[in-house]
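Just so you know, all these numbers are worked out from the coordinates, no wet-lab data involved. Just so it is clear, the structure is predicted and the values come from calculations on it, not from any experiment. Positions of Cβ are backbone-derived with ideal geometry, glycine not excepted, and every protein chain shown enters the neighbour counts.
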């Protein structure tokens, strides 16, 4: 076993990210691969102690599953992604990896084809408090990531990762599914082509969904694109959200529909681009007593902008499949919708909506049409990140009038094409 002493420092933080705990003392590196003394990730998991770094050579590891019990582990692929193919195997009949230790970081790993008889076989089963996932690829699993820890001191942070063709199980399995943790953070990630279940489902007390692409596309058959079944403090900023023609449910973003039991009931939907290629249904559906703020979004296609109660400010409605969006009446008798600054357009000026490229063209009515959305508690709602395809985000600084939608035109300085 190769052991290398190396200090580990704190990662950078931002206003949209809660810094995760990291070990500060020198630690060791365990190297894994076909040419190493430690051949398999499961062998490294058995050897690992608190604070280790596990480096897994880029190769395919078939039918090798693992339980990671130590705390403060960093597990990363080197030389490219390490590919974990379940091939019918699972740890504890749950997942390719079951992570029980606290403060794990998983980076540059591919998880594929997890399946178990219960229908919720996951790439990662998160059972320890705090997990960071960076630049990973989850595909063709029953669940991408499943959090089974019901504790309000856990934070799960997913960055620059891809989730494809996960789900199924009669709609009970999803691309990611979070339990009652303290906070879920998702940014710079790409969720697509889910099966029956939702692309993102989270019961966390607080959710930050920032600068992602969350799309059914032509072959996806997911239900909701985003669901917060028990409400919470939920901030959805700068995302590309698309419902496809094969979708199982006509709602795109659902809040508190299983009961508003989380202590805070606030939903902020700011500077997103919603495209409804199903052509009907609801863009946002929120159950009372949720406080909903819907600011500076583009809505394309037939459907109701908001079913529930809330404030709508400076949104752009664009004709598409099934007609143009419209503001719905409140879902509940005691609800109320307060709308101001809505613009309507025959063409929102998206660069290539048929190829899911929702950047703005010169002359788009979205340019300069927004307003400063203010704060959600201590979190600025004005966009600070922008999605770059695939699985990246970049920092942006808005100096002039804010544009409507997930992309700022910024004098033509657009994100690179896909």
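What order do you get for 394, 39 when you list them from fewest to most C-beta neighbours inside 10 Å? Provide the component values of the computation, followed by the final result.
Values: 394 12, 39 16.
Least crowded to most crowded, the residues run 394, 39.
Taking the DSSP beta bridges in the stretch 131-241 as the whole, what percent of them are antiparallel, to the nearest 5?
So the antiparallel bridges in the stretch 131-241 amount to around 0 percent.
Can you put 195, 326 in order, fewest other beta carbons within 10 Å first?
326, 195
Spin-label point model (7 Å from Cα, Cβ direction): what's the residue 172 to residue 372 distance in nm?
Label at residue 172, label at residue 372, 5.0 nm between them.
Order of 198-207, 284-293, 361-370 by packing, highest average Cβ count within 10 Å first? Spell out each step's value before the answer.
On the way: 198-207: 25.2, 284-293: 21.8, 361-370: 18.7.
Order by mean packing, descending: 198-207, 284-293, 361-370.
Report the calculated FRET efficiency for residue 352 and residue 291 (r = Cβ-Cβ distance, R0 = 25 Å), to the nearest 0.05. Don't jump to the answer; show the numbers that get you there.
Values: r = 36 Å, r/R0 = 1.42.
My answer for the efficiency is 0.10.
Would you please give the FRET efficiency between residue 182 and residue 60, computed as 1/(1 + (r/R0)^6) with r the Cβ-Cβ distance and R0 = 30 Å, to the nearest 0.05?
Plugging the Cβ-Cβ distance into 1/(1 + (r/R0)^6) gives 0.25.
Rounded to the nearest 0.05, what FRET efficiency do residue 93 and residue 46 give with R0 = 30 Å and r taken as the Cβ-Cβ distance? Could you check?
The computed FRET efficiency comes out at 0.95.
Using alpha carbons only, how many angstrom separate the centre of the stretch 207-245 from the centre of the stretch 74-126?
Result: 23 Å between the Cα centres.
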